[in-house]
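Taken together, the values in this text are just the output of simple stated rules run on the coordinates, not laboratory data. This structure is a prediction, so every number in the text was calculated from the model and none was measured. Here the Cβ positions follow ideal geometry from the backbone for every residue, glycine too, while neighbour counts run over all protein chains shown.
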Amino acid sequence: MSYKLLILEGITDRGRSVLDAEGWTLDQKKAMPPKELAQIIGEYDAVTIRSGTKITAEVIAAAKKLRVIGRPGVGVDNVDVDAATRAGIFVMNSPGGNLVSTAELTMALILATSRNIGAADASLKAGTWDRKAFAGGTEISGKRIGVVGFGRIGREVAARCKSFGMEVWAFDPFVSPQVVDRADVKAVSLDDMLKGCDYITLHTVMTPETKHMLGKEAFAKIKPGVRIINAARGELIDEDALFAALESGRVAGCGLDVHAKEPPVDWKIAKHPKVVATPHIGAQTVEAQDRVGTDIAYQVRDFLKGGVIQQAVNFFQLSGEAYDQIKPAIDLGERLALFVGQVLTGKVEKVEVGLFGSFKDLSARPIIQATVAGALRAADPSVTFVNATTRAEAMGVEISQAVASSHVSFSNLMGVRLTTSAGDLAVAGMLFGDQLRLVEMDGIEVDAVLQGHLLVIKNDDTPGVVGRIGTQLGEHAINIARMNVGRKPGNGRAIMLIEVDANVPEAVLATLMKIEGVREARAITLG
């Protein structure tokens, strides 16, 4: 399948070659204002941007085909993520590429604030030789540093600080104690960190909860003489409170690569003699820029080609081995629900998901969200993994997870029950190698591959029905790739699942419904 991509503000040579290799149409343009972008975005399936472009709600509203927004690096502040989520558009970043560069800059700021490097350099450039003015420097060996946010960058910084002989404390409520233990650092509360650390470095995301996490109250608790480093997000620090703490001497020094406003509106912090300030250069190395630009190209390519979701800020953060393990289950849940949603008519009221065998050991939330997406997409193609839960809540759809049974006849098994205003239907599926297989429908054992085009027929369990159906399909030049018949002896019900090469037209379905013994015939498309 061919796609059209808009590349704004350039791309790395390696990234360009990754996308060029697919034969897709790539339009490369400079950054443009949102109003101008909104006029052209409607023709594109994907867009990559950097910091100079804003993807606003206005742009999202005009992006009728857009499936993914790629932003090299960590920040997505210039994307209206909420609007993209409502529209079902994935927003991806590539945070891994600048890990080393940001960690190394953090170390540079720690050292620079400890030894007054910025002020000493400025003094010498001004023609002054005054060693005594900088006699108050301090060693970092033997000091205690608190790392706020113990994600990948935080852990990289911690490892480097330990190599300098520092004791490391960590605060991150979202990271398991095992991760902290493996890094051989001490997990503490934020209050304990404020009171007990000689240095504090910030590596957490910007949320309503973390905004101004270092404010007036925090600076009142902080250990006198502390040095603060921020290479994450400027608004994590209340700059007025920081300025007061610098003036009073409670904060001995500060290294800032990020600022509340960029460029600053009020330069009092950046120009303060106790501050070493840089203009957000954490990822501005040749190596980091090449990695993040190339990484986002791979992510966009893999998503468009195979639906692989990597580093999507508005979906579950799944990557590497964890993603490889869960993706087949995500795909199976989506296909099962998409199948049921096309077989069963009416407004969706309830979606139930059961995970059994090895599936019950996986994270259920992304699987359930994908299943809900499949159920709703049968009637509304604009539903994606991203906006499925929001759409379901707005529709009043009940979502539940079934309790795993103690005995399962398959090593992995997933059940999906859909309830609509017209009735309910339960199906079950499994993974067989790399195939997604339907193994049960409406309590009847069946076997069909969940892909392409299927013809689902509910019929009376009487002789001759199968032959008459086959004859009719042949007369209408519909090729049967594979047929499976399932029945429950004693109740007179049977189900036929016929894999065909193309979608079965409504006129043919109407003909099949006239066959004696056929109770229902539906054409299913699963992609």
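Which order do the peptides 207-213, 302-308 come out in when sorted by mean C-beta neighbours inside 10 angstrom, highest first?
Values: 207-213: 13.0, 302-308: 15.0.
Going by the mean number of other Cβ atoms within 10 Å, highest first, we get 302-308, 207-213.
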query: If you line up the long axis of helix 465-475 against the longest principal axis of the chain, both from Cα atoms, how many degrees apart are they, to the nearest 10?
result: 80
statement: Under the 7 Å Cα-to-Cβ spin-label approximation, LYS268 and ASP181 lie apart by a distance in nanometres of 4.7
message: How far apart, in nanometres, would the label points at GLN39 and ASP82 be if each is projected 7 angstrom from Cα along the Cα-to-Cβ direction?
response: 2.9
- prompt: Do the alpha carbons of any pairs in LYS54/LYS305; LYS125/LYS271; LYS143/LYS195 sit beyond 22 Å of each other, and which pairs?
  reply: LYS54/LYS305
- line: Taking Cα atoms only, helix 99-115 is inclined relative to the longest principal axis of the chain by an angle, in degrees rounded to 10, of 20
field: Table column - 3J(HN,Hα) (Hz), segment 120-132, Karplus curve with 6.51, -1.76, 1.60, x for Gly and Pro
entry: 5, 5, 5, 5, 5, 5, 7, x, 10, 10, 9, 5, 5
- prompt: What is the spread of the Cα atoms of segment 6-83 along each of their three principal axes, largest first, in whole Å?
  reply: 32, 26, 20
query: Using the Cα gyration tensor of segment 85-199, with a ≥ b ≥ c the square roots of its eigenvalues, what is the shape: rounded (a/c below 1.5), prolate (a/b larger than b/c) or oblate (neither)?
result: oblate
- prompt: Going 7 Å from the Cα of ASP240 toward and past its Cβ, which residues in segment 181-222 have a backbone nitrogen under 11 Å from where you end up?
  reply: 216
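So for the chain, averaging the separation of alpha carbon pairs under 8 Å that are six or more residues apart and normalising by length, what relative contact order in percent results? Please list the in-between numbers first.
Details: 1068 pairs, mean separation 56.8, N = 527.
Relative CO of the chain lands at 11 percent.
Where the convex hull is taken over the Cα atoms of segment 480-527, what is its projected area averaged over directions, in nm²?
Working: hull surface 15.7 nm².
Projected area, direction-averaged: 3.9 nm².
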- request: Pop out the ³J(HN,Hα) list for segment 248-262 in order, Karplus 6.51 cos²θ - 1.76 cosθ + 1.60 with θ = phi - 60°, rounded to Hz; leave Gly and Pro as x.
  value: 7, x, 5, 9, 7, x, 8, x, 10, 9, 10, 9, 4, 10, 10
field: Sequence ranges 437-444, 393-400, ranked by mean other-Cβ count within 10 angstrom, highest first
entry: 437-444, 393-400
message: So if I take the centroid of the Cα atoms in segment 17-61 and the same for segment 77-102, what is the distance between those two points in Å?
response: 14
- prompt: What ³J(HN,Hα) values, in whole Hz, does the Karplus curve 6.51 cos²θ - 1.76 cosθ + 1.60 give for segment 504-520 when θ = phi - 60°, with x put for Gly and Pro?
  reply: 7, x, 4, 4, 6, 4, 4, 5, 5, 5, 7, 6, 4, x, 7, 9, 7
- request: Per DSSP H run of n ≥ 4, the term is -39500 (n - 2.57); total these for the chain, divide by its residue number, and report the mean residue ellipticity at 222 nm rounded to 500 deg cm²/dmol.
  value: -10000 deg cm²/dmol
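Taking a temperature of 4 °C and a viscosity of 1.567 mPa s, what whole-number D in µm²/s does Stokes-Einstein yield for segment 64-110 with Rh from Kirkwood over alpha carbon pairs?
Values: Rh = 12.3 Å.
Taking Rh from Cα pairs, D becomes 106 µm²/s.
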statement: Whole-Å distance linking the alpha carbon centroid of segment 172-238 with that of segment 296-359 is 35
- line: Debye calc, one equal point scatterer per Cα of segment 410-498, no solvent, log10 I(q)/I(0) at q = 0.13, 0.14, 0.21, 0.22 1/Å comes to -0.49, -0.57, -1.12, -1.18
query: Could you put MET107, MET92 in order, starting from the residue whose Cβ has the fewest other Cβ atoms within 10 Å?
result: MET107, MET92
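From the square roots a ≥ b ≥ c of the eigenvalues of the alpha-carbon gyration tensor of segment 98-277, which class results: rounded (a/c under 1.5), prolate (a/b over b/c), or oblate? Walk me through the numbers before you get to the answer.
Working: a/c = 1.70, a/b = 1.36, b/c = 1.24.
In terms of gyration-tensor shape, prolate.
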statement: Sorted by chain and number, the residues with a modelled amide H under 5 Å from that of ALA277, at a separation of 5 or more or across chains, are LEU256
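How large is the direction-averaged shadow of the alpha-carbon convex hull of segment 375-527, in nm²?
Values: hull surface 43.8 nm².
Averaging across all directions leaves 10.9 nm² for the Cα convex hull.
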statement: Inverse of <1/r> over all distinct C-alpha pairs of segment 231-317, i.e. the Kirkwood Rh in Å, gives 15.7
